[in-house]
Amino acid sequence: MTEGFEIVKLEMKGFMRYLDKEQVTFPQKFTVITGKTGAGKTTILDAITFAIYRQTSRTDVGMKVEDVCRPGGYVKVVFTQGGEEYEVVRGLTRASKPYIQLRKGRERVQGKIPELDSKIQEIVGLDYVGFRNSTFVRQEEMKELGAVRGSERLEIFQKLFRLETFERAQKKAEEQLRQMELRVVSGEEGLKWEIAWRDELRASIPKKREEIREHEREVSKRDGESAVLNRALEEKEREFKVLQAAHEDYLRASQTARESAIAVEIAKKKLLEAQEKQKSAEGLKERIRHLQEEMREYERAEKEKALLEALKNRHEALQLEARLAEKRRQGIERDREEDRKRALRQIETLDGRIKGLKTDLNRDEAFDLLRLEGVLSERIQRIGKELQWLSRNKALVTALGREREDSAAELTEVSTKARGINVDSFVLSEIQNQLKEQQKELGEKEARYQKEIREADQELAEIQDRIMVLGFDEEKFAIVAGKAASLEGKKGELEGLRSKLEEVGDASELVEELAQQLRGHKRRSAELSAQVRALAAVEGKYAAARGQIDALREDYNATGRKISEMRGRKTALERSLLEEETRLRSLEEKIAKAAEEMRSLREETEVLAILKNSIFHKKGIVLYAINHLLPHLAVEASENLSDLTDGRFTKVRLLPYEENSRYGIRIEIEGKDGLFHDVQEFSGGEKTQINAALRFAIAKELAGMPQVGRSYGRMKTLFIDEGDLGSLDTEVSRELFVRKLFDMGRFFEKVVLITHLTEVAERFPGKIRVIATEDGRSRLEAAV
């Protein structure tokens, strides 16, 4: 195995137009892939980059797996790298779920899709763009090198050698520079605001200190006023204690008097309730006696009602039997009528069919006519023979002649009728048989229905007799039931009255007891009222003293609240002063730090400006790299051009230039006159040779780049897609082109050309033919 990247095998199924399983191997060093335009040749390159990078060589953009794979479809690529063989499979499961598999030798590498994508790129040693540039030579790139302007040509070189990274770096530096400048402006504005705030704090702090001292003097003054009020309050409270005992006696007497008055009212209410309960119990007893008499009448009515209900149930059962018997009879009549109508419809249908027939002769009549026709014909023939035999016997001849005439007349009549015989005669017989069957069946059903009707009538008559014998009187039942119903409600009323009487009970003893309690409460209430009137004189003095104490306490509390409020304001001012002093120190530190950060931001801004305008600019690293690449590429391209033109053109010159602040690359070739000419001055075939010489030089340079990090890996397989061979107008030119391809084998282990030109394909030892089927599929065939 070689040390660089080399394709070994490609397998695909359900990928783009390759719906069936197809395999591609590259056993030869030089392989050609042929087929008509649109057959699917370039799709092979798509399959390789899809499996490895999930991108295609034609679109250069990522895609969803389901965009190019059908469910169950996949692409498998086997390649070698670093002396190891690897296998990558990417596709969709039958459930349309994307998947990827990676094997190193026979060992499967585990991991999720993003992890395996990174692992594959690490193994190959190139990202997608690097792999594409160093492995694929595409037709449009070869045409572009000689056809576009110098500035666009520089962009192509940047893309091929990955120098556009520096252009992206310049844009990144420009964006960061713009953000940094915004930060500088924003930082300066913020710094100005913080300096103004610091100056405001420096002016505010001395004022707050003076305000705190003023509050301290006011608090001291208020403390003196509070001490005077406190001494007056203490003196008044000593006087108040003397009156407090008398006041408490007054309160207790008043409370007891109120409770006694309430007890009197409660006793009155209870006595009234007990008297009402006693009166109610007497009324309940009288009503219960009256209802008990009515209940005896109710029991007699219930017994009679029960006997009548049994008779009614039997009467209703017989009536139900009568209705069911009548329904059965009606059902028989209905079935009889339906069967009769059905039979008549069938008979009518059969009559209609008979009328539609082309004969009125049935099968038996037809057979009888045909037999009679045969008999008559035979008789006429026989008479004819007998007339010959008996020609001398005139009497017999005359008799036989009349018999023959009669037979002939009868034969004519029979034959006339027989001409009416056709296939309908057999149908007529069948219909007539069906008519007889219908009529017979109708008669049998009619006899059966008549019997069932007689039986139903007899059953109904028997039930009616049993109803008459029963003799149930509906009017009498209604009267008895109504009487029982009217008395039944009073049964519940009686039970309710009994329960209520039990709840009420006998309240006579309770009434006497409550009357005694009421007399005792009235005596106690009168005594307490007299005591309260005696203590009321002292209560006026107590109230006056209490008002004076409340006024003094209110003044004292108001003074205390004022002192507390002033001390609170003083504490708040002290806290605010401390916060402002702390904020001032923090702000001064923040201003110093912000000034240092602004200095650092200005330095970073200067660095980004240099990166944007000098280093990452095209006149910087890009042109530096191009200037180092172009001389070597020019030497390689000159050698390639000499081989491709058989020595007609031997020198290529690649020159960077700057014009009107735009940068580009000129391609010049030494002509037969010894002067260098721009590539645009040459013919189409010559430009193809020049482009190919330069592109082969670039491919060799890219393939030989060292494996550094994840940017470049040594590629040992080269794919040329078409190569613009169609513009080479002579067989010699194409032969030289193919020779140069074979010469590229010195730098690549595998060289694969995609072309539709048969004469070019014949030169390659390995051949793969791509065929487009009529149903739009692509198929592969290995050509011998």
Of the residues Val89, His677, Gln517, the Cα lying farthest along the dipole of the chain towards its positive end, which is defined by charges on the beta carbon of Lys, Arg, Asp and Glu, belongs to His677
Between (i) 13, 39, 32, 13, 2; (ii) 9, 16, 10, 8, 14, 23, 15, 3, 1, 0; (iii) 15, 47, 33, 6, 0, the structure-derived P(r) over Cα pairs in 20 Å bins from 0, in percent is (ii)
Once Asp406, Asp555 are ranked on solvent-accessible area with the largest value leading and a 1.4 Å probe, the list reads Asp406, Asp555
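What does the charge count around Gly72 come to, taking other residues whose C-beta lies under 10 Å from its C-beta (Lys +1, Arg +1, Asp -1, Glu -1)?
Values: positive: Lys13, Arg70, Arg94; negative: none.
Value of the local net charge: +3.
Before anything else, pin down the relative contact order of the chain: Cα pairs under 8 Å, at least 6 apart, normalised by residue count, whole percent.
Values: 963 pairs, mean separation 217.8, N = 784.
28 percent.
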Expected sort for 422-432, 563-573, 691-701 on mean C-beta neighbours within 10 Å, highest first, is 691-701, 422-432, 563-573
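How would you classify the range 246-369 from its alpha-carbon gyration tensor, with a ≥ b ≥ c the square roots of the eigenvalues: rounded for a/c under 1.5, else prolate if a/b is greater than b/c, otherwise oblate?
Judged from the Cα gyration tensor, the range 246-369 comes out oblate (a/c at least 1.5, b/c at or above a/b).
For the range 419-486, what class follows from the C-alpha gyration tensor (a ≥ b ≥ c being the square roots of its eigenvalues): rounded when a/c is under 1.5, otherwise prolate if a/b is larger than b/c, else oblate? List each step's numbers first, then the result.
On the way: a/c = 11.88, a/b = 4.66, b/c = 2.55.
Prolate shape, in that a/c is at least 1.5 and a/b is the bigger ratio.
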Residues meeting the amide H criterion for Gly72 (H placed from the backbone, H to H distance under 5 Å, 5 or more places apart or on another chain) are Leu92, Thr93, Arg94, Ser96
With +1 at each Lys and Arg Cβ and -1 at each Asp and Glu Cβ, the charge dipole magnitude of the range 1-116 around its Cα centre, to the nearest 20 debye, comes out at 440 debye
Magnitude of the Cβ-charge dipole (Lys and Arg +1, Asp and Glu -1) of the chain about the Cα centre, nearest 20 debye, reported as 1000 debye
Placing +1 on each Lys and Arg Cβ and -1 on each Asp and Glu Cβ in the chain, then taking the dipole about the Cα centre, the residue among Ile720, Pro656, Val32 whose Cα reaches farthest towards the positive end is Pro656
Expressed in square angstrom to the nearest 10, the accessible area of Arg342 with a 1.4 Å probe stands at 100 Å²
Sequence order, the range 254-263: Karplus ³J(HN,Hα) from phi using 6.51 cos²θ - 1.76 cosθ + 1.60, θ = phi - 60°, Hz rounded, Gly and Pro as x, gives 4, 5, 5, 5, 5, 4, 5, 4, 5, 4
If each part is reduced to its alpha-carbon centroid, the range 222-285 and the range 730-784 end up apart, in Å, by 124 Å
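Among the listed pairs Lys13/Lys41; Lys9/Lys104; Lys29/Lys767; Lys277/Lys500; Lys358/Lys440; Lys192/Lys590, give every one whose C-alpha distance is greater than 18 Å.
Long pairs (Cα-Cα over 18 Å): Lys358/Lys440.
Using helices alone, what [θ] at 222 nm do you get for the chain, with -39,500 (n - 2.57) per DSSP H run of 4 or more residues, divided over all residues and rounded to the nearest 500? All intermediate terms of the calculation are to be shown ahead of the outcome.
Values: 16 runs with 541 residues, N = 784.
Calculated at 222 nm, the ellipticity per residue is -25000 deg cm²/dmol.
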Among Ser226, Ala409, Thr582, the residue whose Cα sits farthest towards the positive end of the charge dipole of the chain, when +1 is placed on the Cβ of each Lys and Arg and -1 on the Cβ of each Asp and Glu, is Thr582
Square roots of five times the C-alpha gyration tensor eigenvalues of the range 1-111, ordered largest first and given in whole Å, equal 21, 20, 12
Between the modelled labels at Gln101 and Ala572 (7 Å from Cα along Cα→Cβ) the distance in nm is 7.9 nm
For the range 211-262 the GluC sites (Glu not before Pro) that pass both the DSSP coil test and the at-most-15 other-Cβ-within-10 Å test are none
So, with points 7 Å from each Cα along the Cβ direction, the Ala782-Val511 label distance in nm works out to 13.1 nm
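If R0 is 60 Å, what FRET efficiency do you get for Gln244 and Asp199 from their C-beta distance, rounded to 0.05?
Details: r = 66 Å, r/R0 = 1.09.
The computed FRET efficiency comes out at 0.35.
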Of every hundred units of 1.4 Å-probe accessible area on the chain, the number belonging to carbon and sulfur atoms, as a percent, is 50 percent
Note, the range 174-188: 3J(HN,Hα) by Karplus (6.51, -1.76, 1.60, θ = phi - 60°), whole Hz, Gly/Pro = x, goes 5, 5, 5, 4, 4, 5, 5, 5, 4, 5, 4, 4, 4, x, 5
Once phi for every residue in the range 456-470 is put through the Karplus expression 6.51 cos²θ - 1.76 cosθ + 1.60 (θ = phi - 60°), the whole-Hz ³J(HN,Hα) values, with Gly and Pro written as x, are 5, 5, 5, 5, 5, 5, 5, 5, 4, 4, 5, 5, 5, 4, 4
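Tell me, in nm to one decimal, what length is gained between Gln346 and Ala399 on full extension, where the rule is 0.36 nm per residue of separation less the Cα-Cα distance? Could you put the intermediate results ahead of the total?
Numbers: separation 53, 0.36 × 53 = 19.08 nm, distance 5.39 nm.
Extending this stretch completely gives an extra 13.7 nm.
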Classified through the alpha carbon gyration tensor (a ≥ b ≥ c as square roots of its eigenvalues; rounded if a/c is under 1.5, else prolate when a/b is larger than b/c, else oblate), the range 502-596 comes out oblate
For the Val423, Arg454 Cβ pair and Förster radius 56 Å, calculated FRET efficiency rounded to 0.05 is 0.70
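For an R0 of 35 angstrom, estimate the FRET efficiency from the Cβ-Cβ distance between Ala306 and Glu276 and round to the nearest 0.05. Provide the component values of the computation, followed by the final result.
Numbers: r = 43 Å, r/R0 = 1.24.
Using R0 = 35 Å, I get an efficiency of 0.20.
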With every protein chain in place, the accessible area of His628 for a 1.4 Å probe, in Å² rounded to the nearest 10, comes to 120 Å²
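By per-residue mean of other Cβ atoms within 10 Å, what is the highest-first order of 355-362, 68-75? Please list the in-between numbers first.
Numbers: 355-362: 14.8, 68-75: 19.6.
Descending mean neighbour count gives 68-75, 355-362.
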Expected unfolding gain across Glu413-Asp335 under the 0.36 nm per residue rule, minus the alpha-carbon gap, is 23.1 nm
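The values are calculated or read from the model by the stated rules, or taken from the named source; none is laboratory data. What you see is a predicted model; the values in this text were computed from it and never measured. Heads up, the Cβs are rebuilt from the backbone with ideal geometry, glycines too, and the neighbour counts pull from every protein chain shown. In case anyone asks, the SASA skips ligands and DNA or RNA and just uses the protein heavy atoms, side chains included. Shrake-Rupley method; radii C 1.70, N 1.55, O 1.52, S 1.80 Å.
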